[in-house]
Amino acid sequence: MNDIAERYAQVQERIRAAAERAGRDPAAITLVAVTKTWPAETVIEAYRAGLRHFGENRAYELEEKRAAVTAELGPDSGIIWHQIGTLQSRKTKTAAATAGVFHALDRFKIARRLSRHLTEELDPPRILPTFLEVNVSGEESKSGYAAHKWEESETERQKIRKVVQKVLELPGLELKGLMTMAPWGAPEEVARPIFRRTRFLAAWLTEAIPDANLMQLSMGMTDDFEIAIEEGATHIRVGRAIFGERDYH
Ligand SMILES: *Cc1c(COP(=O)(O)O)cnc(C)c1O
């Protein structure tokens, strides 16, 4: 087995064990292989090892890699590309045309623009499954809707509730749940409550808003995906555990 296939098998085993500890079905967890900084050849190697979900945090890198991979594997490869990083306004058009799932909605303006591209400009129009990014850790460097004090702060809670309601009314976007990140290198006692509180927030929103079901949770990376799975993650975004260390970011 090559390195990627071997590491992928180890990650799958770790997913299975974490799901088992939590009494969950491992098949309900989508592994998004984060290929940022790696070339298209790496994606193709991972594809041959059996991976189908790939994540990029920059829209242009997703667009370029997707084109290169499609040229090699054809349009029916079954690959789903996940835009996992926040989008700038001028990248919404690219993302609407190329991403299969969007994990990092952090401004309503971005939602409105995506909705317009998806429903009015793309032919045929398309539905984009989307996660609202929430900042539960309170770290200033993190993007996402402020949710550090959502349990105590009526203001914070209602702000998120309102934006969810508004996004649900937009055609083209399908709001699936919440995405969050624990601080870099956080110990388990810090990461776990962040993931748990994100799940509780998703449950509160699902309860509070008619027709909302936000129970899909994009959380967990190389250093903390097992904790995230124990706390209810349905999508984990894993780079280094599959591909090794990146040269930069
Ligand atoms: C880079 C990145 C990941 C993957 O990080 P690893 O530590 O390599 O697993 C996950 N999510 C986002 C948003 C990222 O930018």
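The values are calculated or read from the model by the stated rules, or taken from the named source; none is laboratory data. Please read these numbers as outputs of a predicted model, since none were measured by experiment. So basically every Cβ, Gly included, is an ideal-geometry build from the backbone, and we count neighbours across all protein chains shown. Only protein heavy atoms, including side chains, enter the accessible area calculation; ligands, DNA and RNA are left aside. Shrake-Rupley method; radii C 1.70, N 1.55, O 1.52, S 1.80 Å.
Among the residues of region 195-249, what is the count of those that are hydrophobic (A, V, I, L, M, F, W, C), within 14 Å of the ligand (Cβ to nearest atom) and within 18 Å of TYR145 (Cα to Cα)? So the answer is 3. Being open to solvent by 10 Å² or more (accessible area, probe 1.4 Å) and over 16 Å from the mean Cα position of the chain (by Cα) is a property that THR30 lacks. Looking across region 162-180, the residues that are assigned to a loop (DSSP other than H, G, I, E, B) and either at positive phi or more than 17 Å from the chain's Cα centre (by Cα) (or both) come down to GLU169, LEU170, PRO171, GLY172. Against the list (1) among the charged types (D, E, K, R); (2) open to solvent by 40 Å² or more (accessible area, probe 1.4 Å); (3) modelled with pLDDT of 95 or more; (4) farther than 30 Å from ALA146 by Cβ, the condition ASP123 fails is (3).
Being closer than 25 Å to LYS159 by Cβ, within 16 Å of the ligand (Cβ to nearest atom) and open to solvent by less than 60 Å² (accessible area, probe 1.4 Å) is a property that holds for ALA104.
Of everything listed in (1) surrounded by fewer than 17 Cβ atoms within 10 Å (Cβ to Cβ); (2) within 26 Å of TRP81 (Cβ to Cβ), the single unmet condition for GLN158 is (2). Against the list (1) among the β-branched types (Val, Ile, Thr); (2) over 19 Å from ALA233 (Cα atoms); (3) not in a loop (DSSP other than H, G, I, E, B), the condition THR37 fails is (3). Annotation: LEU173 fulfils all but one of (1) in contact with a strand residue (DSSP E or B) (Cβ under 6 Å, 6 or more places away or on another chain); (2) under 25 Å from ASP224 (Cα atoms); (3) open to solvent by 10 Å² or more (accessible area, probe 1.4 Å); (4) touching a residue at least 60 places away in the same chain (Cβ under 8 Å); the unmet one is (2).
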